[in-house]
Amino acid sequence: MLLVASAAQGQRALAAGSLACPGCSGGLRPWGWTKPRRARARDGRIGLTRLRRARCAGCGVSHVLLPAAWLPRRLDEVDLIGAALLGAACGVGHRRLADRLDRPEGTVRGWLRAARERAGWLHAELAGVGAQLPDHRLGAAVPPPTPPGRGR
């Protein structure tokens, strides 16, 4: 998957030929669409959408253009999942979060579990991005991870 700011932005960049393959840096070209994907908005409505596919002219690998508002293999948008993670980091339990966000308890519990399991990887990624920012020392300042809901 190739992260883009929005579906429209990804489509424009693909049409302009300005997207490169993350594997070989070859040019990406339009190559159809994915199967319909379910996506749930904050108000709970579920809609179907299709994501744009692109294929590398160099290596032939195909990529899906994923809008930044979505996460791979998740039905809900990233801002809703982020709100749950922030609530858990503040000590709110998954049942209360599920009630506040109007989502099933099992869904919210799954988000929190996945975040805990990937806390080390996420910490390393954020520290790496922070180290690349000009005039910032975020890479060194990011404390070791404390997974949400597991103490302070």
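Key figures
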read-out: Diffusion constant of the range 50-107 at 4 °C, which comes from Stokes-Einstein with the Kirkwood Cα-pair radius and 1.567 mPa s, µm²/s; value: 95 µm²/s
read-out: The range 2-46 - percent of accessible surface contributed by carbon and sulfur, probe 1.4 Å; value: 56 percent
read-out: Long-range amide H partners of V4 with built H, under 5 Å; value: L66, A68
read-out: Cleavage-rule hits (trypsin sites (Lys or Arg not before Pro)) in the range 1-77: DSSP loop, at most 11 neighbouring Cβ within 10 angstrom; value: R45, R73
read-out: Kirkwood hydrodynamic radius of the range 1-113, Cα pairs, Å; value: 15.5 Å
read-out: DSSP-defined antiparallel bridges as percent of all bridges, the range 1-132, nearest 5; value: 75 percent
read-out: Those residues of the range 106-120 whose amide nitrogen sits under 19 Å from the label point placed on L75, 7 Å along Cα→Cβ; value: 106-115
read-out: Solvent exposure of the range 8-68 as accessible area per residue, Å², 1.4 Å probe; value: 60 Å²
read-out: Under 11 Å from the E125 label point (7 Å along Cα→beta-carbon), backbone N, the range 1-34; value: 3
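The values are calculated or read from the model by the stated rules, or taken from the named source; none is laboratory data. Treat the numbers as computed from the prediction; the structure is a model and nothing was measured. FYI the Cβ positions are ideal-geometry reconstructions off the backbone, even for glycines, and counts take in every protein chain you see. Note: accessible area is taken over every heavy atom of the protein model, side chains too, but ligands, DNA and RNA are not part of it. Shrake-Rupley method; radii C 1.70, N 1.55, O 1.52, S 1.80 Å.
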